[in-house]
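Asker: Quick one: the structure is below, questions incoming.
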Amino acid sequence: MHGPDPATLYPLPHHRKLVFLKNLVTRPNIIVGDYTYYDDLEDPANFERNVLYHFDFLGDQLIIGRFCALASGVKFIMNGGNHETTPVSTFPFAIFGGGWEALMADQSVQEKYPSKGDTVVGHDVWIGYEATIMPGVQIGNGAVVAAKSVVTRDVPAYAVVAGNPAQVVRYRFDETTIARLQALAWWHWPADKITRHLSLLNAADLDALEAAE
């Protein structure tokens, strides 16, 4: 036994609202790791509907690691929703015609409008109900994002964040333990090794986990 097949869409055969997400996404700029699931109260196809302002011509990516748990209504706002803030007006005159497009001059859309880069969710991250992740945010491995949080800045590994804007409430482990977990990177283990050591992954004995073969 090596656990569920990461290539299956519905890992719980009688529950069609939970999916292994990589098998559902259709957009080439959304990249999802094995075993990461999305559980929607209505329709798991809502996931891509909730990746907002994600335009292919901008090229920004949403990258989500392995073994993440994403609750219903999680939203990712991508760079297509950004406006300039340094001019007098934030209105995007240049995208309209009738002569206003001249504001683009020799600039591309990517050059004209601000981008914060890719949005990256690490491995073993839990994102709660209706949380919103803003453009370019990096969420570290093992982090927890509380329900309805609005994440506007990077989240450190193994931090628990909550609120609007989301703030660090606490860390799941001390600095030394976090460093050891980052080095262990159990999420990259092959499925058979994970299966052999499920009891350790579901416990708090890091010494034993590090000794696992």
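Asker: Hey, rough spin-label estimate for ASP174 and PHE93, points 7 angstrom out along Cα→Cβ, what's it come to in nanometres?
Answerer: Computed distance between label sites ASP174 and PHE93 equals 5.9 nm.
Asker: Considering amide H positions built from the backbone, and no H for Pro or chain starts, which residues 5 or more places from VAL32, or on another chain, come under 5 Å of its amide H?
Answerer: ILE64
Asker: Still on this structure, I have one more. Give me the accessible area of ASP205, 1.4 Å probe, in Å² rounded to the nearest 10.
Answerer: Approximately 80 Å² for this residue.
Asker: Still on this structure, please answer the following. At a Cα cut-off below 25 Å, give the lysines reachable from LYS193, other chains included and same-chain residues fewer than 8 away excluded.
Answerer: Answer for LYS193, where 25 Å is the Cα cut-off: LYS22, listed by chain and number.
Asker: Could you size up the charge dipole of the chain around its Cα centre, putting +1 on the beta carbon of Lys and Arg and -1 on that of Asp and Glu, and report it in debye to the nearest 20? Before the final figure, lay out the partial values.
Answerer: Values: 16 positive and 24 negative charges, 66 e Å.
So the magnitude is around 320 debye.
Asker: For the chain, what does -39500 (n - 2.57) per DSSP helix run (n ≥ 4), summed and divided by total residues, give at 222 nm, in deg cm²/dmol to the nearest 500? Write out the running numbers ahead of the final one.
Answerer: Numbers: 6 runs with 34 residues, N = 213.
Dividing the helical sum by the residues of the chain leaves -3500 deg cm²/dmol.
Asker: Hey, another quick one. Could you please report the charge total around ALA7, scoring K, R as +1 and D, E as -1 over all other residues with beta-carbon less than 10 angstrom from its beta-carbon? All intermediate terms of the calculation are to be shown ahead of the outcome.
Answerer: Values: positive: LYS22; negative: ASP5, ASP34.
Result for the local shell: -1.
Asker: Taking chymotrypsin sites (Phe, Trp or Tyr not before Pro) that fall in a DSSP loop and have at most 16 other Cβ atoms within 10 Å as cut points, what is the longest piece of the chain between them? It would help to have the intermediate numbers written out before the result.
Answerer: On the way: sites that count: TYR53, PHE55, PHE96, TYR129, PHE173.
For chymotrypsin sites (Phe, Trp or Tyr not before Pro) (loop position, at most 16 other Cβ atoms within 10 Å), the longest site-free span of the chain is 1-52.
Asker: Which percent, to the nearest 5, of DSSP beta bridges fully inside the range 69-213 are antiparallel?
Answerer: Values: 4 of 17 bridges.
Beta bridges within the range 69-213, antiparallel portion: roughly 25 percent.
Asker: Tell me, what ³J(HN,Hα) does each residue in the range 160-177 have, in order and in whole Hz, if you take phi through Karplus 6.51 cos²θ - 1.76 cosθ + 1.60 with θ = phi - 60° and put x for Gly and Pro?
Answerer: 10, 10, 7, x, 9, x, 4, 10, 6, 8, 6, 10, 5, 9, 6, 4, 5, 5
Asker: Of (1) 36, 24, 14; (2) 36, 20, 15; (3) 26, 21, 15, which is the value of semi-axes √(5λ) of the Cα gyration tensor in Å derived from the coordinates here?
Answerer: Answer label, from the structure shown: (2).
Asker: Next question. Give me the dipole magnitude in Debye, nearest 20, for the range 121-175 about the Cα centre, with unit charges on the beta carbon: positive for Lys and Arg, negative for Asp and Glu.
Answerer: Dipole about the Cα centre, nearest 20: 160 debye.
Asker: Quick one: 3J(HN,Hα) in Hz for the range 131-144, Karplus 6.51/-1.76/1.60 with θ = phi - 60°, rounded, Gly and Pro as x.
Answerer: Whole-Hz 3J(HN,Hα) from phi for the range 131-144: 5, 10, 10, 7, x, x, 6, 10, 10, x, 4, x, 6, 10.
Asker: In whole Hz, with x marking every Gly and Pro, tabulate ³J(HN,Hα) for the range 75-80 from phi via Karplus 6.51 cos²θ - 1.76 cosθ + 1.60, θ = phi - 60°.
Answerer: 10, 10, 9, 9, 5, x
Asker: Taking amide H atoms as placed 1.01 Å from N in the peptide plane, list the residues 5 or more away in sequence, or in a different chain, whose amide H sits under 5 Å from that of PHE55.
Answerer: GLY80
Asker: Shifting gears a bit: Distance in nm between label sites at TRP100 and ASP43, each 7 Å beyond Cα in the beta-carbon direction?
Answerer: Between TRP100 and ASP43, the label points sit 3.3 nm apart.
Asker: Given labels modelled 7 Å from the Cα in the Cβ direction, how far is it in nm from LYS17 to GLU84?
Answerer: Here the answer is 4.5 nm between the modelled labels.
The values are calculated or read from the model by the stated rules, or taken from the named source; none is laboratory data. It should be emphasised that the depicted structure is a prediction, and the values quoted were computed from it without experimental measurement. Methodologically, a virtual Cβ is constructed for each residue, glycine included, from the backbone with ideal geometry; neighbour enumeration extends over all protein chains shown. In case anyone asks, the SASA skips ligands and DNA or RNA and just uses the protein heavy atoms, side chains included. Shrake-Rupley method; radii C 1.70, N 1.55, O 1.52, S 1.80 Å.
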